[in-house]
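Where a number appears in this text, it was derived from the coordinates with a stated rule and is not lab data. Keep in mind the model is a prediction, meaning the values are calculated, not measured. Note that we place each Cβ from the backbone using ideal geometry, even for glycine, and neighbour counts take in every protein chain shown.
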Amino acid sequence: MLVVMKNSRPCVSSERFASTYISHTSIFTIMESYRCKKCGYVYAPISGDYTQKVAANTQFENLPKTWVCPRCGAEQKEFIRSE
Ligand SMILES: [Zn+2]
């Protein structure tokens with residue numbers, strides 16, 4: 001019984017939790033918003049675009065080729081990365 005206690009590492013689970021938390025955070029930081037140069041509409045990956053059936057958490061690069069600005073109809077090349 002005493003040997004088992006000695007071999008157990010109680011800190012492992014908290015370390016694993018910390019690394020999981022960090023990887024989740026980095027997923028959100030690479031989800032960049034893009035802004036339409038023509039009308040100022042901002043595409044936010046975290047919300048997607050329900051008007052064109054784009055699921056939430058879809059990155060701008062992964063949008064369907066047919067996707068256009070929902071406000072003014074501009075093509076994706078009219079969008080720039082938003083700060
Ligand atoms: Zn637009």
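Remarks
- Distance in nm between pseudo-label sites at K37 and K65 (7 Å out along the Cβ direction from Cα): 2.2 nm
- Fewest-first ordering of V68, V42 by other beta carbons within 10 Å of each residue's beta carbon gives V42, V68.
- For segment 32-83, the fraction of C-alpha pairs farther apart than 17 angstrom is 21 percent.
- One decimal place: the segment N57-E75 gains 4.5 nm when fully extended, by the rule 0.36 nm per residue minus the C-alpha distance.
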